[in-house]
Amino acid sequence: MLLGVLADRFVGYPGAGRYRRVGQAFGHHPEHLVFPRRQSWEGLVASASGEQLADHLRIHRRATGGHAAHRFDDGVVDHLADRGEQIRLKARGSEAQFARFTAWCAASADCSLHGRDAGAVWRDLIAAADRSPIPVQGERIAYSGFDLKVAAAPDVISSGAAPDFRNWQRFARSIDKAAAGDVSGFADLVQQVTNSPKPPAFRGMFVTQCADGLVFDDFEDFQRVKALDEQLSPNFAGNSLWHSLACVGWPTPIRNDPAPLPADRLPPMLGAGTWTDYDYTANVVVTVPGSATLRYNGFGHGLYLTGNACTIAHANRYLAFLRLPPAGTACEPSSAG
């Protein structure tokens, strides 16, 4: 879970005066706003403990002139699910998305692996890299199978717009090149995005992950979860474990244990999720009576910031006028997003 008070001080409240002025200019209450980085772990204040969330809401009321917060949760994670359920949700989304990639690859000559079993090529590559890391040609860097899974995940999740699916094209080219002994296709993308030649450990994620108690109980707990992950996710096993594994020996105590939402003190919430994060988001939002979650029948993560017009319209309607969409409402991909 997110240390919601700290994150909102950094993300939202230094600009609270600006948000108030924008809202007042449009004749809206200042609490009817979406915070611009409210996604992924930054959306997880919805799963904060009752005390932590109450503190968060008190800060919000002070910053916005005494109004209660209305929340739009865009692709968040359910940290109240037990570890097994988290692994099942993660594996279901990842494997379904990978199956879409392999189906596209089988059907499209734009895929560098067209005519081959793309799934088998990928799994063979991972196994080979775990036996002996594969180098980046011309560099003193090599990628293990785990490194490849972490580097590949963004392109698998977000394919790029149809019909070109440019990110899937890049993923296929990178696999083909790596199978020939050069992982520079993966390394170049990682370098562009993170300014690191290999997938880095994001310290901000660990600060929240470890302090919020999302850790392994002991080595036996790690082994149990690892075995389940390998059973359910043959193509991306391990990609759900490394954040918690990094918390082993973390120097500060757990400060924000998972706890149910104080649903009786919260207004109805709006959530939105894609093929890979809808289930997580819906699990959180449904705990607050009267809430609703939009299903986006497409790829990606973080729909408001990536410009899906349908999702934005529903979110704006909720944030400006507190109107929630009917249960079961879905948004479809379009040229506008």
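The values are calculated or read from the model by the stated rules, or taken from the named source; none is laboratory data. Nothing here was measured: the structure is a model prediction, and the numbers come from that model. A quick note on method: Cβ atoms are made from the backbone with ideal geometry, for glycine too, and the neighbour counts reach across all protein chains shown.
Can you spot a residue in the range 126-134 that is farther than 30 Å from SER244 by Cα, of a type in the set (Gly, Ala, Ser) and not in a helix (DSSP H, G or I)? For the range 126-134, residues farther than 30 Å from SER244 by Cα, of a type in the set (Gly, Ala, Ser) and not in a helix (DSSP H, G or I): absent.
Applying the condition of being surrounded by 15 or more Cβ atoms within 10 Å (Cβ to Cβ) and aliphatic (A, V, I, L, M) to the range 208-235 and asking which residue is farthest from GLY145 (Cα to Cα) yields ALA211. Evaluation of ASN283 against the conditions (1) closer than 21 Å to ARG88 by Cα; (2) touching a Phe, Trp or Tyr at 6+ places or on another chain (Cβ under 8 Å); (3) at pLDDT below 90 shows that the sole unmet condition is (2). Among the residues making up the range 135-149, those that are touching a Phe, Trp or Tyr at 6+ places or on another chain (Cβ under 9 Å), outside any loop (DSSP other than H, G, I, E, B) and buried (at least 18 other Cβ atoms within 10 Å of the Cβ) are TYR143, PHE146, ASP147, LEU148, LYS149. Checking every residue in the range 300-318 against the condition of being free of Cβ contacts under 8 Å to residues at least 40 places away in the same chain and farther than 26 Å from ALA161 by Cβ gives zero matches. Within the range 146-197, the only residue that satisfies the criterion of being at pLDDT below 90, in contact with a helix residue (DSSP H, G or I) (Cβ under 7 Å, 6 or more places away or on another chain) and of a type in the set (Val, Ile, Thr) is ILE157. Residue-level analysis places ARG255 outside the set of residues that are free of Cβ contacts under 8 Å to residues at least 24 places away in the same chain and either exposed (fewer than 15 other Cβ atoms within 10 Å of the Cβ) or assigned to a loop (DSSP other than H, G, I, E, B) (or both).
Of the residues in the range 311-318, at least one is under 22 Å from the mean Cα position of the chain (by Cα) and either under 25 Å from ALA96 (Cα atoms) or in a loop (DSSP other than H, G, I, E, B) (or both).
Residue by residue, here is whether (1) more than 30 Å from PRO289 (Cβ to Cβ); (2) of a type in the set (S, T, N, Q); (3) out of contact with any Cys (no Cβ under 9 Å at 6 or more places or on another chain) holds:
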{"position": "PHE186", "(1), (2), (3)": "yes, no, yes"}
{"position": "THR194", "(1), (2), (3)": "yes, yes, yes"}
{"position": "PRO200", "(1), (2), (3)": "yes, no, yes"}
{"position": "VAL215", "(1), (2), (3)": "yes, no, no"}
{"position": "LEU241", "(1), (2), (3)": "yes, no, yes"}
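The residues of the range 233-276 that are under 17 Å from GLN97 (Cβ atoms) and touching a strand residue (DSSP E or B) at 6+ places or on another chain (Cβ under 9 Å), listed by number, are GLY273, THR274, TRP275.
If the condition is being among the aromatic types (Phe, Trp, Tyr) and on the phi < 0 side of the Ramachandran plot, then the range 144-178 contributes PHE146, TRP168, PHE171. Pairs meeting the criteria (first residue in the range 279-294 and within 24 Å of ALA96 (Cβ to Cβ), second residue charged (D, E, K, R), beta carbons under 7 Å, at least 6 apart or on different chains) are TYR280/ASP78; THR281/ASP73; ASN283/ASP78; VAL284/ASP73; VAL284/ASP78; VAL285/ASP73.
Counting only residues that are assigned to a helix (DSSP H, G or I), free of Cβ contacts under 8 Å to residues at least 40 places away in the same chain and not hydrophobic (A, V, I, L, M, F, W, C), how many does the range 221-252 have?
Residues in the range 221-252 being assigned to a helix (DSSP H, G or I), free of Cβ contacts under 8 Å to residues at least 40 places away in the same chain and not hydrophobic (A, V, I, L, M, F, W, C): 7 in total.
Looking only at the range 291-319, filter to residues that are surrounded by fewer than 17 Cβ atoms within 10 Å (Cβ to Cβ) and of a type in the set (A, V, I, L, M); which one of those is modelled with the lowest pLDDT? For the range 291-319, the residue satisfying everything is LEU305.
Mind listing whichever residues of the range 159-183 are assigned to a loop (DSSP other than H, G, I, E, B), under 19 Å from GLY119 (Cβ atoms) and within 19 Å of the chain's Cα centre (by Cα)?
Result: SER159, single match.
Looking at THR252, is it among the β-branched types (Val, Ile, Thr) and either in contact with a Leu (Cβ under 7 Å, 6 or more places away or on another chain) or modelled with pLDDT of 90 or more (or both)? The answer is no for THR252. Among residues that are without any contact (Cβ under 8 Å) to a residue 12 or more places away in the chain, farther than 24 Å from TRP242 by Cα and outside any helix (DSSP H, G or I), ALA109 is included.
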